[in-house]
Amino acid sequence: MDALPALDRLRIVLSRTSHPGNIGAAARALKTMGLAQLFLVQPRHFPHEDATALAAGAADILEQARVCASLEEALADTVFVAGFSARRRDLSHRALELREAAPELLDHAARGPVALVFGNETSGLSNDELGRCQVLVAIPANPAYGSLNLAAAVQLAAYEVSLAAGAHRVPLPRERALATAASVEALFAEIEAAAVSSGFLDPEEPGRMMERLRRLFARAGLEREEVNLLLGLFAALRSRGGKP
Ligand code: SAH
């Protein structure tokens, strides 16, 4: 059992791809999701400037891509093969939706290389290609037109498996500290005192001013820094003789 993480054991196999741009875009899709293994079975044009252009910063994935003479060759050392198809053609194959398939693909990857096979842009996967798959995976899409661009399908597949693997968790921004009740009360006291001392508020007939301000601040979800800022402002106003 080697130490390769499951994602590194997933290989994207593009079979008989017509448009080299799709190969480049697929390489980029892989790299952005942390996958790296790209196998190309009988690509019509490769290498090609369109592939390089659409790969952008994923040129290394293209350079390392393995070109194979047959699907058989691309799959030789794999322990599990999933064929991606929008159409449900062969009922003898187990069919899964991508999201449910992703953890299963990773489970198999714990035991060896796993292939995710994508068909030609026009004809999809042939019956012979389908015959080499253990499961069919469909990306749920518009029933009236569910055939995705090849590289878009690869992007979604790579995204789902990387998500299922728990890769690339984006660190959440550090939560900022919220103001304590005591500091907010201190702020209200400052506001009220300033309102009275400035003549804005008659202490004999205060009305509902403070109640309204409490509602305003309650909506704001005050942070500690914000309350400190306002307390500092009131302290400065007081020291400049704002208070009678
Ligand atoms: N006309 C072809 C479409 C090919 S699209 C057909 O009907 O099969 C190129 C490849 O992208 C497909 O072979 C398949 O591997 C993948 N693909 C596109 N849309 C998909 C979907 N909704 N679900 C799964 N794979 C899809």
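Structure summary
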| quantity | calculated |
| --- | --- |
| Residues within region 36-91 that are within 16 Å of the ligand (Cβ to nearest atom), assigned to a loop (DSSP other than H, G, I, E, B) and buried (at least 22 other Cβ atoms within 10 Å of the Cβ), tallied | 1 |
| Residues of region 92-119 that turn out to be touching a strand residue (DSSP E or B) at 6+ places or on another chain (Cβ under 6 Å), in a helix (DSSP H, G or I) and more than 12 Å from the ligand (Cβ to nearest atom), as a count | 3 |
| Pairs, first under 17 Å from Arg176 (Cα atoms) and part of a helix (DSSP H, G or I) in region 214-228, second open to solvent by 100 Å² or more (accessible area, probe 1.4 Å) and among the aliphatic types (A, V, I, L, M), C-beta under 7 Å, six or more apart | Arg224/Leu178 |
| Test: residue in region 141-150 that is more than 30 Å from Glu225 (Cβ to Cβ), assigned to a helix (DSSP H, G or I) and not basic (Lys, Arg) | yes |
| Residue count for region 139-154, restricted to those that are open to solvent by 60 Å² or more (accessible area, probe 1.4 Å), more than 6 Å from the ligand (Cβ to nearest atom) and touching a residue at least 12 places away in the same chain (Cβ under 8 Å) | 2 |
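The values are calculated or read from the model by the stated rules, or taken from the named source; none is laboratory data. Predicted model, so just to flag it, every value in this text is computed and none were measured. Note: ideal-geometry Cβ built from the backbone for every residue, glycine included; neighbour counts use all protein chains shown. When the accessible area is computed, the model is the full protein with side chains, heavy atoms only, and any ligands, DNA or RNA have been set aside. Shrake-Rupley method; radii C 1.70, N 1.55, O 1.52, S 1.80 Å.
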